[in-house]
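The values are calculated or read from the model by the stated rules, or taken from the named source; none is laboratory data. Given the structure is predicted, the values throughout are model-derived calculations rather than measurements. Counting neighbours? That spans all protein chains shown, and the Cβs are built from the backbone with ideal geometry, glycine included. Ligands, DNA and RNA are stripped out before the accessible areas are found, and what is left, the full protein with its side chains, is counted by its heavy atoms. Shrake-Rupley method; radii C 1.70, N 1.55, O 1.52, S 1.80 Å.
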Amino acid sequence: MTSIGATVKEPGSSKHNKTGSWRTFKPILDKEKCIDCENCFLFCPEGCINKEYDIDYDYCKGCGICAEECPVKAIKMERE
Amino acid sequence: MLRVISANRALAEAVKLARPKVVPVYPITPQTTISEYLASFVADGELKAEYIMVESEHSAISAALGASGTGVRVFTATSSQGLALMHEILFAAAGLRAPIVMGNANRALSAPLSIWNDQQDSISERDSGWMQFFAENAQEALDFILQAYRISEDQDVLLPSMVCVDGFILTHTVEPVDIPTQEDVDKFLPPYQPTHSYLDPEHPMSIGTFTDPNYYMDARYDMEIAMEGAVDVIRKVNKEFEEVFGRKYDLVEKYECEDAEIILVAMGSICGTIKAVIDDLREKGEKIGLLKVISFRPFPREDIYNAVKNANRIAVLDKNISMGIGGVLFNEIKAKMDVDASGFILGLGGRDVPPEDIIRIIERTRNPTDTQKINWIGIKEEE
Amino acid sequence: MEIPEEEFLAPGHRGCAGCGATVGVRLALKMLGKNTVAVSATGCLEVITTPYPETSWKIPWIHVAFENAAAVASGVERALKSQGKDDVNVVTFAGDGGTADIGLQALSGAMERGHNLIYICYDNEAYMNTGVQRSGATPYGASTTTSPHGKESFGEDKPKKNIPMIMAAHGVPYVATASISYPEDFMKKVKKAKEVDGPAYIHLHQPCTTGWGFDPSQTIELGRLAVETGSWILYEIEEGEFKITYRPMQRKPVNTYLESQKRFKHLKEEEKDRIQEYVDQVCAELKI
C-alpha cells in the first residue's frame, strides 16, 4: 500500500535509515583538544555532529570532512 | 439569470463562482478569452484570487500544481499546443492526486499548424490520469466546471479534471446560458479542505517523493481504482447538481436511443448537429439515435453498452485519429464491448461537418462494406 | 554570528559520503527555520532526500519535475499569500542543470514576476544525478561524460554560463554567489534573501566528490580552493549595488585547484595557462 500520491507525512523519517553502516573509517574526537570552532558541526553532510561535538555514529558515513576541517587536528579517522 | 454568452465566458463565469484561490494562465487561441475574462474579474475585485500570468503553459500547470499542493482550489485553461506542452506535468498532477480543474478549448495539434477545432489535443492526454468531460454547448461548459470541482475534490477520487469545449464552435459563438447564483453554487460546492496532502509548516509533509519498484506500481493502481470509482461519484454529483440547479446530467446522454436501429456515438458540439439531423429523420420515420459521451475519462463502458446494445449498428464519430488504428473513441468502444460498429474520422483541423455528412455517415453505417476500415468524412479526394 | 543547532534536514539521506549539496541545504535551512516551504527540482538532492516512504525534510517540501521548480514555487508562494500566510518562506533548491539549462525559462519567468521567493542553485557543475554529463555551468576544461577529453578534445570547450549575472539583469532585489566552504558568508546571504521582499537568487558553489573526482574528505577544501584561486568569486548584488563579500588575501595559482580533481587531470600546461589567464581577467575586472 502506497499513500495517496506517495506523500510522506513523517517529517525527517530518513532517520530510520542508519547510514552508519556505510562507514569504513570512523572519526574519533579528542574533546581535550577541541577549541569549539564549530567547523565539524557546520560542515558535516549528515548533520550528525551536534554543538556538544557528539558524533552520531548511527549516521556518520565516515567521509572525513570533520577531521580534515578541524583546525587543531582533534579528530582522527580510524579504520572500523 | 439568463445571458447570451460564449462558452469561454460561461466557463469563466463558472470559475468565478467556484472561488479558486490561484489562477495561473498563459494565452493561446482559442482559449485566450477565458484567461482575459478571469483577469478582468480579478481586476474588478469580483474574483478574489491570485492571478499569475506565467511565461508558458508548462509553467501554468506547474504553478497550478504548486498552488494545489498548498491545499487551495486552483484553475487553469489551455488548448492544443499548450496542452501538449503541459503533457509531462499533467501526469505529475494526476500522480500527486491534485484536484486541479482545467478548461481546454479543443484545437488541432501541429503540424501543419491549425488553430481550428478538433479533439486531438485532449484525446492525446487520455492516459494522463485526468478526467475529461466534453461539453456540447456553453451551458454544459459552465455546469461541468462546477461539477468537476466536486468530483475531483471527492476524497474517493482526488484526480484532476479537464472540461473540454470545442474551439471556436463553442468558445467563440454565443448562446443563452443560465448563470446560477453564488448562493446556490456555495451550497453545491463547499470550500476545498484537503487531508491527503498539503504544504503547511504546522504539518510538514513531503509531496512528490521518489518511489522504487516496491511502491510505484501500487500508486498507479490506486489511481486506476480512483478513476473507476469516479463513475459512481459522478452519478452522485450529477444528482446533487440537479437538486440544486434543476439541470440533469449523466456520464452519457441518450437522444432518441430507445428504439433506434442505428445509433451515432459522438462527443462535444457535433452532437448539436446530429440531434438536428435526427429530428428531421425521425419525422420521416427513420429510427436513428445519438449517444453523447460526456465523460470520456472515466470511460463509462456500461452506460455506453446499455445504450447501444439493442441497436442494429452503431457509428462512432471521432474528431481525432490515432495513426495506424483510427479514431480513439471508436477503438475503445470496440475494445470494451461486442457491438457492430463503424468508425468515422471527421472535422479535423476545423473541417466543417454539415448535416449532409451526418446523413452520409448514417447511410454508410447501414450498409458497411468493411467494418475495420477507417472511414474519412470530408476528404476532398473522396468527393 | 549565532548559528542555530536545530537541523531541518534529517540524517539517513542517501547522499554520497562527503556530499556538498546536503551541507548547503543544512546551512540554508538553519537560517530559514521551521516556517519554510521548500521546492526541489528533480536531481541528486531530490532523489537522495525523499526515497519513499522516507523523507529527510522536516519542513514541508514539494517536488514536481526537473525544469519547473521556479514555476512550482511561484504557485506555492501565491497560494500561501492567498491564505494570508505571507510570513512563510518559500525556498527553491535546484541544481545547475535544473537552473542554467532546462529550468532557465521557468526561473526567468518567476524572477521577472517578482514572487517573494528564494531560489538557491546548488552548483556542482554537471548533471551528477544522471552520471556527470556537462551542463551550461560546467567550467572550461572539465572532462565530463558528454564532454570527455580525448585525442581531439580537452573536455568542455566553453566557459561557465554566468547565471547570477543573468539573474541580476532581471533587476531582482537580491542576487548573490556563495560557497559551502564559507558558511558564514553563505548564511548571511540566506538571511538577507529571506528578509528581502521579492525574488532572491543565490548561486551556491558546491564541490561534488563523485563528479569531480576527489576524496570525500576534501569537499570543503575544494570549495575553498575555488575561491582562493579566484575560480569562484563571492559577491552580492543588493538593489543593484555590486559588492565583493570575500577577497582572498593572495590569490593562489589556479593549478592548485585544478590538479586536485580528476576532471581536470588531463589538461596540458597550455590549457591550464589559458584557464589562469581567464581567471586573471575576470579577477582584474572585479578588482580581486
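Amide hydrogen proximity for residue B:173: with H placed 1.01 Å from N in the peptide plane, the residues at 5 or more positions away or on another chain lying under 5 Å are B:7. Return the average number of partner chain Cβ atoms within 10 angstrom of each residue Cβ along peptide B:71-79. The per-residue average across the peptide is 2. Seen against the Cα atoms of chain C and their longest principal axis, helix C:69-82 is set at about 20 degrees. The three principal axes of the Cα atoms in the stretch B:155-248 give end-to-end lengths of 52, 33, 26 Å, sorted in falling order.
Comparing Cα centroids, the stretch C:1-80 and the stretch B:1-40 end up 36 angstrom apart. Dividing the mean sequence gap of close Cα pairs (under 8 Å, 6+ apart) by how many residues chain C holds gives a relative contact order of 16 percent.
What Kirkwood hydrodynamic radius, in Å, does the stretch B:12-125 give when the mean of 1/r is taken over all pairs of distinct Cα atoms and then inverted?
Details: mean 1/r = 0.0713 Å⁻¹.
Computed over Cα pairs of the stretch B:12-125, the Kirkwood hydrodynamic radius comes out at 14.0 Å.
Under a Gaussian network description of chain B, with springs only between Cα atoms under 10 Å, the residue in B:167, B:347, B:285 that fluctuates furthest is B:285. Electrostatic tally near residue C:80: other residues with Cβ closer than 12 Å to its Cβ, Lys and Arg +1, Asp and Glu -1, net -1. Taking N as the residue count of the stretch C:19-155, its C-alpha radius of gyration divided by 2.2 N^0.38 Å amounts to 1.13. Taking the C-alpha atoms only, the angle from helix B:32-43 to the longest principal axis of chain B is near 30 degrees. Extents of chain A, taken as max minus min of Cα coordinates on every principal axis and listed largest first, are 51, 25, 16 Å. Counts of other chain beta carbons within 10 angstrom of each beta carbon in peptide C:105-113 average 4.
Determine, at each q value in 0.17, 0.19, 0.22, 0.25 (inverse angstroms), the log₁₀ of I(q)/I(0) that the Debye formula gives when each Cα of the stretch A:17-57 is one equal point scatterer. Results for the stretch A:17-57 at q = 0.17, 0.19, 0.22, 0.25 Å⁻¹ read -0.47, -0.58, -0.76, -0.95. Debye-formula intensities of the stretch C:47-120, expressed as log10 I(q)/I(0) at q = 0.20, 0.23 Å⁻¹, are -0.88, -1.08 (one equal scatterer per alpha-carbon, no solvent). How many angstrom lie between the Cα centre of the stretch C:246-275 and the Cα centre of the stretch C:190-219? Cα centroid of the stretch C:246-275 versus Cα centroid of the stretch C:190-219: 20 Å apart.
An ellipsoid equivalent to the stretch B:213-360, defined through the eigenvalues of its Cα gyration tensor, has semi-axes of 29, 20, 15 Å when rounded to whole angstrom and sorted largest first.
Order B:46-56, C:153-163, B:26-36 from most to least packed using the mean count of other Cβ atoms within 10 Å. Each step should come with its number before you reach the end.
Details: B:46-56: 19.2, C:153-163: 16.5, B:26-36: 22.2.
Order by mean packing, descending: B:26-36, B:46-56, C:153-163.
Max-minus-min Cα coordinates of the stretch C:132-288 on each principal axis give 51, 30, 29 Å, with the largest extent listed first.
Remind me, what semi-axes does the stretch C:128-215 give for its equivalent ellipsoid, largest first in whole Å, using sqrt of 5 times each Cα gyration tensor eigenvalue? All intermediate terms of the calculation are to be shown ahead of the outcome.
On the way: eigenvalues 183, 51, 17 Å².
Output for the stretch C:128-215: semi-axes of 30, 16, 9 Å.
Angle of helix B:216-245 to the longest C-alpha principal axis of chain B, folded into 0 to 90 degrees and rounded to 10: 80°. When the stretch B:137-211 is described by a simple charge dipole with +1 on each Lys and Arg Cβ and -1 on each Asp and Glu Cβ, the residue from B:191, B:146, B:204 located farthest towards its positive end is B:204. Could you please report the charge total around residue B:152, scoring K, R as +1 and D, E as -1 over all other residues with beta-carbon less than 10 angstrom from its beta-carbon? With Lys, Arg at +1 and Asp, Glu at -1, the neighbours total +1.
Counting, for every residue in C:41-54, the Cβ atoms of other protein chains within 10 Å of its Cβ and taking the mean gives 5. Phi angles across the stretch B:136-152 convert, under the Karplus curve 6.51 cos²θ - 1.76 cosθ + 1.60 with θ = phi - 60°, into 3J(HN,Hα) values of 8, 8, 5, 4, 5, 4, 5, 5, 6, 4, 4, 6, 4, 4, 4, 5, 4 Hz, Gly and Pro given as x. Karplus-based coupling profile of the stretch C:7-12, in residue order and whole Hz: 9, 10, 10, 6, x, x, with θ = phi - 60° in 6.51 cos²θ - 1.76 cosθ + 1.60 and x standing for Gly or Pro. Counting only DSSP beta bridges with both residues in chain C, the antiparallel share comes to about 30 percent. 3J(HN,Hα) along the stretch A:15-21: 4, 6, 9, 7, 6, x, 5 Hz, from the Karplus curve 6.51 cos²θ - 1.76 cosθ + 1.60 with θ = phi - 60°, whole Hz, x for Gly and Pro. Pairs of Cα atoms in the stretch B:98-228 fall into 5 Å distance bins, from 0 up to the last occupied one, in shares of 2, 9, 15, 17, 18, 14, 12, 8, 5, 2, 0 percent.
Both radii were evaluated on the Cα set of the stretch C:16-59; the Rg over Rh quotient, with Rh as the Kirkwood radius, amounts to 0.94.
For residue B:173, the solvent-accessible surface with a 1.4 Å probe is about 60 Å², rounded to the nearest 10. Scaled against the 2.2 N^0.38 Å expected of a compact globular protein of N residues, the Cα radius of gyration of the stretch B:261-324 reads 1.17.
Within the same chain, lysines fewer than 8 places from residue C:287 are excluded, and of the rest, those with a Cα less than 16 Å from its Cα are C:243, C:252. Computed on the Cα trace of chain B, the radius of gyration divided by the Kirkwood hydrodynamic radius gives Rg/Rh = 0.97. In the protein assembly as shown, Rg over Rh equals 1.06, where Rg is the alpha-carbon radius of gyration and Rh the Kirkwood radius from pairwise Cα distances. In whole percents, the pair-distance distribution calculated for the stretch C:1-81 from its alpha-carbon pairs, binned every 10 Å from zero, is 17, 49, 30, 4.
Evaluate the charge dipole of chain B about its Cα centre and quote only its size in Debye, nearest 20, assuming +1 on the Cβ of each Lys and Arg and -1 on the Cβ of each Asp and Glu. If you can, show how the numbers build up before the last one.
Numbers: 37 positive and 59 negative charges, 31 e Å.
Here chain B has a charge dipole of around 160 debye.
In this structure the amide hydrogen of residue C:119, modeled in the peptide plane, comes within under 5 Å of the amide hydrogens of C:92, C:200, C:201, C:202, none closer than 5 places in sequence on its chain. Principal semi-axes of the equivalent ellipsoid, √(5λ) from the alpha carbon gyration tensor of the stretch B:290-383, are 21, 15, 13 Å from largest down.
Taking the centroid of alpha carbons for each part, the stretch B:251-271 and the stretch B:85-161 are 22 Å apart.
Cα convex hull, chain C: 122 Å³ per residue, rounded to a whole number.
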